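The values are calculated or read from the model by the stated rules, or taken from the named source; none is laboratory data. Owing to the predicted nature of the structure, the values given are computational and were not obtained by experimental measurement. Please note: Cβ atoms are built from the backbone with ideal geometry, for glycine as well, and neighbour counts cover all protein chains shown.
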Amino acid sequence: GSLISLKNYTDFIQTIYLLKEKFPTIIAVIIGDGLLKEKLKNEIKQHHLEQNIELKGTLSYTETQHYLSQSKVLLHPSSFESYGMVFAEAIANKTAIVSKKVGFAESAEHWFLGTNPEEFTEGCSSFIEKKQVNFPEYPNIEQTLLSYLDIYSSK
């Protein structure tokens, strides 16, 4: 990811700050690099979140997917996403999502929509406390191909 203002990392940091009150050992990871790296380091330090927020820098796709698969929640406060591939990746990894209504974002059992750190905190808290989050079943490529074969072989 890119550490740019459009991504609203200040809201991310503020949300983790609020979550720390209820979940003191919370660990959040920011993956990416960019112009705001030093500013974010300073914000993290100002909020005393050095033990709670890790700036990982640029990672490989495999490493990014590993972090996503190990996470309970993807907190994505970005103001804009054209499609939001990271959302599809989170769903594929059975990771709950808290975001603004951007890209293909839709409120659902596995997806909380908010507009500010207080609402993001509410959504994240809910997912952290849940034992299990239900995700919709999406057909995989094999199921899709078999469906096409059924259609074409029936003629």
Would you confirm whether any residue within the range 1-21 is at pLDDT below 95, surrounded by fewer than 20 Cβ atoms within 10 Å (Cβ to Cβ) and closer than 19 Å to residue 70 by Cβ?
yes
Among the candidates 82, 60, 99, 71, which residue alone is modelled with pLDDT under 95 and not β-branched (Val, Ile, Thr)?
82
Checking the structure you have, find out if any residue of the range 121-138 is in a helix (DSSP H, G or I), under 22 Å from residue 17 (Cβ atoms), of a type in the set (Val, Ile, Thr) and modelled with pLDDT of 90 or more.
yes
Can you name the residue in the range 116-143 that is without any contact (Cβ under 8 Å) to a residue 12 or more places away in the chain and of a type in the set (S, T, N, Q) and, of all such residues, is surrounded by the fewest Cβ atoms within 10 Å (Cβ to Cβ)?
132
With the condition kept exactly as written, say whether any residue in the range 33-49 is at pLDDT 95 or above, in contact with a strand residue (DSSP E or B) (Cβ under 7 Å, 6 or more places away or on another chain), crowded, with 17+ Cβ neighbours inside 10 Å and closer than 16 Å to residue 2 by Cβ.
yes
